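**Q** Below you will find the structure I want to go over with you.
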Amino acid sequence: MLIRRPDDILPSEITDPAVYHARRRFMAQAGTLALASALPITSNAAGLGPIAASPLSTTEPPTSRRAVTTYNNFYELGTDKADPAENTFRLKPTPWTLRVEGLVNKPRSFGIEELIKLVPLEERIYRMRCVEGWSMVIPWVGFPLAALLKQVDPQGSAKYVEFVSHYDKATMTRGVLDWPYLEGLRLDEARHPLTLLAVGLFGEVLPVQNGAPVRLVVPWKYGFKGGKSIVAIRLVEKQPLTAWMKAGPSEYGFYANVNPEVDHPRWSQATERRIGEFTKRKTLMFNGYADQVASLYSGMDLRRFF
Ligand SMILES: Nc1nc2c(c(=O)[nH]1)N[C@H]1C(S)=C(S)[C@@H](COP(=O)(O)O)O[C@H]1N2
Ligand SMILES: [Mo]
């Protein structure tokens, strides 16, 4: 992965979280009057419909929308942080179909409208940590991947899940990685309640640069596990060979759990720079989600399975 000094985010970008939070509080209060259990906090014209606030959200202030949508890794749209936002015309998120296939009893394709109606959408504000040493807090909109997997009825032999991103060699980056971008999770990780399929952020439809129309979000792992613009999800028996493992097996492991004690071969992972802040923070084990996910890895040597 390319490394850039993360100093190119302007201080002015750190101002809008307060405004955003005030809006959320207002919407949450409005929602309480209408519905006692699920809290619809917003809905939008582009068709996401009601969005419930999730108890799994962090209370940390979100990174500015501007930074979240202009400082991106999406190599198919260019390898500089600013490239994806400038190359959104290269990916058309509508119409779109997501195939869910492989070792399942009911393989099928979903249109985005179907996906959005599958289960109630939630806002999940997650800490996100890139392997390059920066982090953000992102208010995703989505639903647990487990809900989608349930629809296709995985077979007993399915042990892993593969995520295939859209790739068009006529319009997208050539070289760098062996395309399409492929990522994977163990089935129990894929079914974990924190694992999200995101279709939006900041209460709105997902921008292309963040992986429209649907992308994976796994908050206790380095950001590269979260494949963008996914066209296929495949249940398989063997551990997938991911695009980053192919490119650099000694640098990018299959698990990629955020771990301050296991350095990347070329740099430390002990600290991080939260975009919009000036002092580095200590990186937390499993990105702060240890209470929820550590049991997935009990008995595993996390230096070997990095
Ligand atoms: N298809 C695809 N997915 C991808 C990437 C990519 O280059 N291509 N980059 C990954 C990396 S390294 C990170 S940190 C996150 C960044 O997501 P964001 O730009 O929405 O913050 O997307 C991940 N998903
Ligand atoms: Mo990343």
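**Q** Just to check your reading of the model, which residue among Glu189, Glu237 is away from ligand 1 (no atom under 12 Å from the Cβ), within 20 Å of Met128 (Cβ to Cβ), out of contact with any Asp or Glu (no Cβ under 9 Å at 6 or more places or on another chain) and among the acidic types (Asp, Glu)?
**A** Glu189
**Q** Quick one: count up the residues across region 277-301 that are in contact (Cβ under 8 Å) with a residue 12 or more places away in the chain and either touching a helix residue (DSSP H, G or I) at 6+ places or on another chain (Cβ under 9 Å) or at positive phi (or both).
**A** Here the count works out to 10.
**Q** Sticking with this structure for a sec: Which ones in region 87-102 are part of a loop (DSSP other than H, G, I, E, B) and either over 25 Å from Arg129 (Cβ atoms) or in contact with a His (Cβ under 8 Å, 6 or more places away or on another chain) (or both)?
**A** Scanning region 87-102 gives Leu91, Lys92, Pro93, Thr94, Pro95, Trp96.
**Q** Hey, can you tell me all the residues within region 66-86 that are more than 9 Å from ligand 1 (Cβ to nearest atom), in contact with a Ser or Thr (Cβ under 7 Å, 6 or more places away or on another chain) and either at pLDDT below 95 or part of a helix (DSSP H, G or I) (or both)?
**A** Residue satisfying the conditions is Ala85 alone.
**Q** Sort out which residues of region 220-233 are away from ligand 2 (no atom under 12 Å from the Cβ) and closer than 13 Å to Leu145 by Cβ, and write them in order of number.
**A** Ile230, Ile233
**Q** It is to be established whether one or more residues within region 117-132 are within 28 Å of Glu237 (Cβ to Cβ) and under 16 Å from the mean Cα position of the chain (by Cα).
**A** So far as region 117-132 goes, yes, one or more of its residues are within 28 Å of Glu237 (Cβ to Cβ) and under 16 Å from the mean Cα position of the chain (by Cα).
**Q** Does region 163-172 contain at least one residue that is near ligand 1 (Cβ under 9 Å from one of its atoms) and charged (D, E, K, R)?
**A** No, region 163-172 has no match at all.
**Q** From the list Pro61, Pro55, which one is away from ligand 2 (no atom under 15 Å from the Cβ), over 26 Å from Met245 (Cβ atoms) and either in a strand (DSSP E or B) or touching a strand residue (DSSP E or B) at 6+ places or on another chain (Cβ under 9 Å) (or both)?
**A** Pro61
**Q** Right, something else. Can you tell me which of (1) surrounded by 20 or more Cβ atoms within 10 Å (Cβ to Cβ); (2) under 30 Å from Thr279 (Cα atoms) is the one Ala85 doesn't meet?
**A** Result: Ala85 passes all but (1).
**Q** Can you tell me which residue is surrounded by the most Cβ atoms within 10 Å (Cβ to Cβ) among those in region 281-296 that are polar (S, T, N, Q) and closer than 14 Å to Asn259 by Cα?
**A** Top of the filtered list is Asn287.
**Q** Based on what the data block shows, is Val152 within 14 Å of ligand 1 (Cβ to nearest atom), hydrophobic (A, V, I, L, M, F, W, C), in contact (Cβ under 8 Å) with a residue 60 or more places away in the chain and farther than 20 Å from Ala53 by Cβ?
**A** The answer is no for Val152.
**Q** Within region 175-252, which strands (runs of 3 or more DSSP E) (wholly inside it) include 2 or more residues that are of a type outside the set (Phe, Trp, Tyr) and surrounded by fewer than 19 Cβ atoms within 10 Å (Cβ to Cβ)?
**A** In region 175-252, the matching strands (runs of 3 or more DSSP E) lie at 230-236.
The values are calculated or read from the model by the stated rules, or taken from the named source; none is laboratory data. Model, not experiment: these values are computed from the prediction. Neighbour counts run over all protein chains shown; Cβ positions are idealised from the backbone, glycine included.
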